[in-house]
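Structure record follows, encoded as C-alpha cells.
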Amino acid sequence: MKFIKYNTKQKFLEENLEILLKEEAKNEIMIGITLEHDDEKVQKWLLGRIEDDEEVKAIILVDDDKNGLLLYSLEDNISEEVIDCLIDNIIDSKVDLREILTSKENSMRIAKKYSEKTKKEMVIEQYMYIMIFDKIEEQNLLVENEKIEKLEKENVDYITLKENIKEMYQDNFRGRQCSDEEAQKVSEAFLRKGIYILRNDNNEIVSQAVTVRKQINGCAIGGVITLKKHRGNGYAKRLVHTLCNDLLKNNYKYVVLHVNSQNEPAISIYSKIGFKKIDETAKIKFV
C-alpha cells in the first residue's frame, strides 16, 4: 500500500480531478473547496491518494481550518489496509484530525480505527443525505407577484439575513445558538457565494438559498431557510425549485444539496421538487 502526498494544488488536480469527476456530485465538497481556494491556502492542507500496485484506492483531503478529512474511495467498502495506511500517514504528518466527513460506513470505520490509535473520543455529529437535481421541471411553482432575486452587498438587509442564519443554525445544529459576530461572518461569506431570496406578494423577504459551491459541471446549494413566521406556506419549496431550474438552464448539469437524514419534512419537500438521494454521509468529530 502506497501513500502519495501532493505539495501543490495543481499536481493534486492534475492527477486526481478526472477520477473525482466520475462521481462529481458525491465529491462536490472536495472539488469545490479545492477550486475556490488559492495555491497558498491549499498548500497548508494534506492532499494525497492511496494506491495498491498502482491502482488508486482512495483520494483524501484534510483542510487547515477544521482539520477535517474528506475522502473518496473507488470501492464501496474501503479495505482495512487502506484505512491503516490512511490513518498512519495522517498521524505521521502531525495532523491534529478533528473531524471526518465521508460516506457513512467508511466514515464510521475510519473514525473507530483513528480513535483506537490516538485514544481520542469520537462523537457522531450528524448523518446527511446527498441529494441531486438533474432534470429541468418546466412547471412554474411561483405564485402571482412572487419574485426571486440575487442579493447584492450594497443593498442587503443584514438584520433579516442574520435572523435567517441564526434560525438556520438552530434547525441544522441541534438548537445551537449563533452569535451576532458569527452571523455577520456567515452573511458575508454567503454574499460572496451568491444568496437568492424569495419575496412574497407583500415584497417581504421570506426565504433564501445560497449557491455554496460551483463545480466543473454542477453547483451545490445550501443555506436554505424560511423565517419561522413565514413557514408553512411553501416558500422554500418554490424558491429551491425555481432556482434549480434556472441553474440547469444556465448550463449546469446538476444541482446538489446536503440534508440531515433525520429531517424528514425537508427530505420529503426536496423529493417532491425532483431531488434524488445518491449517498449518505456521516460527520464525526474527535474530542
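Bear in mind these aren't lab numbers, they're just calculated from the coordinates by the rules spelled out. Because the structure is predicted, anything quoted here is derived from the model rather than measured. Using ideal geometry, Cβ is built from the backbone for each residue, glycine included, and neighbour counts are taken over all protein chains shown.
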Between Tyr158 and Asn251, the FRET efficiency computed from the C-beta separation at R0 = 45 Å comes out, to the nearest 0.05, as 0.90
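Would you please classify the overall shape of segment 113-173 from the alpha carbon gyration tensor, given that a ≥ b ≥ c denote the square roots of the eigenvalues, rounded means a/c under 1.5, and beyond that prolate means a/b larger than b/c while oblate covers the rest? Show your work: numbers first, answer last.
Numbers: a/c = 3.51, a/b = 1.77, b/c = 1.98.
Judged from the Cα gyration tensor, segment 113-173 comes out oblate (a/c at least 1.5, b/c at or above a/b).
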For segment 2-120, whose charge dipole is built from +1 on Lys and Arg Cβ atoms and -1 on Asp and Glu Cβ atoms, the candidate among Val42, Gly68, Ser79 with its Cα farthest towards the positive end is Gly68
Sorted on mean Cβ neighbours within 10 Å (highest first), peptides 138-145, 103-110 come out as 103-110, 138-145
Mean separation of Cα contacts under 8 Å (at least 6 apart) over the residue count of the chain, i.e. the relative contact order in percent, is 24 percent
Length gained, Arg176-Asp96, 0.36 nm per residue minus C-alpha separation, equals 26.4 nm
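Would you please classify the overall shape of the chain from the alpha carbon gyration tensor, given that a ≥ b ≥ c denote the square roots of the eigenvalues, rounded means a/c under 1.5, and beyond that prolate means a/b larger than b/c while oblate covers the rest?
Values: a/c = 1.97, a/b = 1.75, b/c = 1.12.
It is prolate, given that a/c is not under 1.5 and a/b is the larger ratio.
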XL table Lys44/Lys66; Lys22/Lys272; Lys214/Lys237; Lys66/Lys120; Lys5/Lys26; Lys66/Lys166; Cα-Cα > 24 Å flagged, in table order, is Lys22/Lys272
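Is segment 1-78 best put as rounded, prolate or oblate by its Cα gyration tensor, with a ≥ b ≥ c the root eigenvalues, rounded for a/c under 1.5, and otherwise prolate when a/b is larger than b/c, oblate when not?
Working: a/c = 1.61, a/b = 1.36, b/c = 1.18.
Cα axes put segment 1-78 in the prolate bin.
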One would report the Cα pair-distance distribution of segment 185-287, bin width 5 Å, in %, as 2, 11, 20, 24, 21, 14, 5, 2, 0, 0
The distance between the Cα centres of segment 35-65 and segment 202-232, in whole Å, is 30 Å
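Using 0.36 nm per residue, how much length does the chain from Leu17 to Gln184 gain when fully extended, once their Cα-Cα distance is taken away?
56.8 nm is the gain from fully extending Leu17 to Gln184.
Taking the Cβ-Cβ separation of Lys112 and Asn217 as r and a Förster radius of 22 Å, what is the calculated FRET efficiency to the nearest 0.05?
Working: r = 34 Å, r/R0 = 1.57.
Step by step, r from the Cβ atoms, then E = 0.05.
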